[in-house]
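Asker: Take a look at this one; I'll ask things after.
The values are calculated or read from the model by the stated rules, or taken from the named source; none is laboratory data. Computed from a predicted model, the values in this text were never measured in an experiment. Note that each Cβ is placed from the backbone with ideal geometry, even for glycine, and that neighbours are counted across all protein chains shown.
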């Protein structure tokens, strides 16, 4: 509408007699050009990204119907849904999904608890606050690969400082094989991820706390609330939107956890830290069972998408 | 109200300023600072340990109990790293691939964000697209890349890496940029266009310079996330194009080997961009890491 009146105004300004046919045609052409403008700008990116990723996804779907093994000579053989049938009965796949959650859930819980605690601690004005926050958030931008490498050095059973600190504190030699023992491998991964991403949670919660007005606390204190009750009854509910976002972002990343596993344990010892991403990677790119890995990737993708859709729907209902 | 709160509990008092007697206040302040310093130490310690280890001689990092401060610091590992392990090639690859991807991503993402911000074209679609892309197990995306790139001989090439990364990062970059374009007052651009500038001219000469700092931060984020990526690089590179992150996986084969210090040095180098950003770009972190899901 806006464009049309603009072009009519232009024709008038040019002093043309308002001969409608040509004026209309002019207006039409201009309007169409205006309507198409966004596509000139968005077009290249849309084509590149969408064609790229949709093509990739469909290609993965296509090869998931084939017995496609790279190291075996001969053309891939069409096998229909056989890969999917195999995946659904593959106990290792379901174990890997379970193991993913045994790492992701504790890590997420600890990151939220510590992130909240840190944010509450630092949510006051004190000298050096900006520097303190800058230093605390440094791990966040470090790559998972570097974080995993750093913690491998720290957790080294004999030469690493973690066991050394534990020995000094307990007064007796501690030689925990963090990454080589079945009991400690998962806690070690969780510890690394907590170090890596707790500051991220803290930053988000701090941003959320900053948007809570002091008046609310003032009013609550007049009503006689204090300390713990203030936190539970006022701060937490007001932080809910932030916590929802945190759980979503961290949850997504944690269920896909791969880099730390690849760097720190390669799924071991045994298969105790073999997460679902690592299991699929191993099938596809170590054993080169491409068709089967693609089928598993699709199953897991659909599983995650449904899971997060329920999560988002639930949150939407809760927040109303 | 309480029932709706997520089940999180922790035993720390709310930070309400205590207005009580002075000695107690002093003790509290000291305690507070001690706690903050302890926390900072925890988050800095791994990096410090890595850096210190890279300057230790093998005798020192293989000493029991561990020697915390090297008595005879050495640059030997750095010499080895560059001469024997050819880490320079990996660093160079990381820089080339990250920088090129940043440029390509912005070339596509800026016009996309502009179109959405100004014309509201498909704006509600973008966040959904990014979230669903993030939800997929990364392996699901990497596998077809691997196969198709094999066909087109793009494995072990810079072009292949850049195409793969750009597909990942264009929606991400566009989504953050969108916030900047939405906040930009359209009148300024309209005024330029009435004065006779074309739309592209107005965008390039008027709008983009005014948004330069925001675009620069997005560029830094894309650079660092590309630099940090492991999986895509692991699958799509070989010896000649491997990035620093892939170099890590080869450097520390077994912790009892000599290359302990080399690995530590490489990890330290790999952390440099992250530290630069955390120290100087920290105020943009929230927006970048939540993909604009939260505006400061």
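Asker: Within segment A:208-218, can one find any residue that is touching a strand residue (DSSP E or B) at 6+ places or on another chain (Cβ under 8 Å) and either within 30 Å of residue B:155 (Cβ to Cβ) or modelled with pLDDT under 85 (or both)?
Answerer: No.
Asker: So if I check each of A:292, A:311, which one is on the phi < 0 side of the Ramachandran plot, more than 10 Å from chain B (Cβ to nearest Cβ), touching a helix residue (DSSP H, G or I) at 6+ places or on another chain (Cβ under 8 Å) and surrounded by fewer than 19 Cβ atoms within 10 Å (Cβ to Cβ)?
Answerer: Testing whether each residue is on the phi < 0 side of the Ramachandran plot, more than 10 Å from chain B (Cβ to nearest Cβ), touching a helix residue (DSSP H, G or I) at 6+ places or on another chain (Cβ under 8 Å) and surrounded by fewer than 19 Cβ atoms within 10 Å (Cβ to Cβ) leaves just A:311.
Asker: Could you figure out which of (1) surrounded by 19 or more Cβ atoms within 10 Å (Cβ to Cβ); (2) under 30 Å from residue B:116 (Cα atoms); (3) facing chain A (nearest Cβ under 10 Å) isn't true of residue B:181?
Answerer: The number of the failed condition is (3).
Asker: Within segment A:232-241, identify whether any single residue is within 8 Å of chain B (Cβ to nearest Cβ) and under 20 Å from the mean Cα position of the chain (by Cα), and answer yes or no.
Answerer: Yes, that holds for at least one residue.
Asker: For residue B:47, indicate whether it is surrounded by 12 or more Cβ atoms within 10 Å (Cβ to Cβ), in contact (Cβ under 8 Å) with a residue 12 or more places away in the chain and within 24 Å of residue A:203 (Cβ to Cβ).
Answerer: Taking the combined requirement at face value, the residue satisfies it.
Asker: Got a sec? Which helices (runs of 4 or more DSSP H) wholly within segment A:140-211 have at least 1 residues that are surrounded by fewer than 22 Cβ atoms within 10 Å (Cβ to Cβ)?
Answerer: Answer list for segment A:140-211: A:161-170, A:185-210.
Asker: For segment A:212-231, give me each residue that is within 9 Å of chain B (Cβ to nearest Cβ) and within 30 Å of residue A:195 (Cβ to Cβ).
Answerer: A:227, A:228, A:230, A:231, listed by residue number.
Asker: Which residue, of B:200, B:235, B:246, is closer than 19 Å to residue B:114 by Cβ and within 14 Å of another protein chain (Cβ to nearest Cβ)?
Answerer: Exactly one of B:200, B:235, B:246 is closer than 19 Å to residue B:114 by Cβ and within 14 Å of another protein chain (Cβ to nearest Cβ), namely B:200.
Asker: Here's something else I'd like to know. Within segment B:116-145, work out how many residues are within 7 Å of chain A (Cβ to nearest Cβ) and either at pLDDT 85 or above or not in a helix (DSSP H, G or I) (or both).
Answerer: Residues meeting the conditions: 6.
Rundown of residues vs (1) free of Cβ contacts under 8 Å to residues at least 40 places away in the same chain; (2) within 9 Å of another protein chain (Cβ to nearest Cβ); (3) surrounded by fewer than 20 Cβ atoms within 10 Å (Cβ to Cβ); (4) in a helix (DSSP H, G or I), yes/no style:
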| position | (1), (2), (3), (4) |
| --- | --- |
| A:251 | no, no, yes, yes |
| A:261 | no, no, no, yes |
| A:271 | no, no, yes, no |
| A:285 | yes, yes, yes, yes |
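Asker: Here are some conditions: (1) under 28 Å from residue B:278 (Cα atoms); (2) within 11 Å of chain A (Cβ to nearest Cβ); (3) within 30 Å of the chain's Cα centre (by Cα). Residue B:29 meets all but one. Which one does it not meet?
Answerer: (3)
Asker: Before we move on, is residue B:234 without any contact (Cβ under 8 Å) to a residue 24 or more places away in the chain, assigned to a helix (DSSP H, G or I) and crowded, with 20+ Cβ neighbours inside 10 Å?
Answerer: yes
Asker: Taking the conditions exactly as written (in a helix (DSSP H, G or I) and touching a residue at least 40 places away in the same chain (Cβ under 8 Å)), does residue B:59 satisfy them or not?
Answerer: Considered against the rule, which asks whether it is in a helix (DSSP H, G or I) and touching a residue at least 40 places away in the same chain (Cβ under 8 Å), residue B:59 comes out as no.
Asker: Just to be sure I understand, how many residues within segment A:251-279 are under 18 Å from residue A:205 (Cβ atoms) and at pLDDT 90 or above?
Answerer: Matching residues across segment A:251-279 total 1.
Asker: Give, as residue ranges, the helices (runs of 4 or more DSSP H) completely inside segment A:41-133 that count at least 2 residues that are within 14 Å of chain B (Cβ to nearest Cβ) and surrounded by fewer than 17 Cβ atoms within 10 Å (Cβ to Cβ).
Answerer: A:52-63, A:91-122
Asker: Take the conditions closer than 26 Å to residue B:249 by Cα, more than 7 Å from chain B (Cβ to nearest Cβ) and touching a residue at least 60 places away in the same chain (Cβ under 8 Å) and apply them to residue A:137. Does it pass?
Answerer: Judged against the criteria, residue A:137 is not a match.
Asker: In segment B:156-178, which residues are touching a residue at least 12 places away in the same chain (Cβ under 8 Å) and either surrounded by fewer than 18 Cβ atoms within 10 Å (Cβ to Cβ) or on the phi > 0 side of the Ramachandran plot (or both)?
Answerer: Across segment B:156-178, the qualifying residues are B:156, B:157, B:158.
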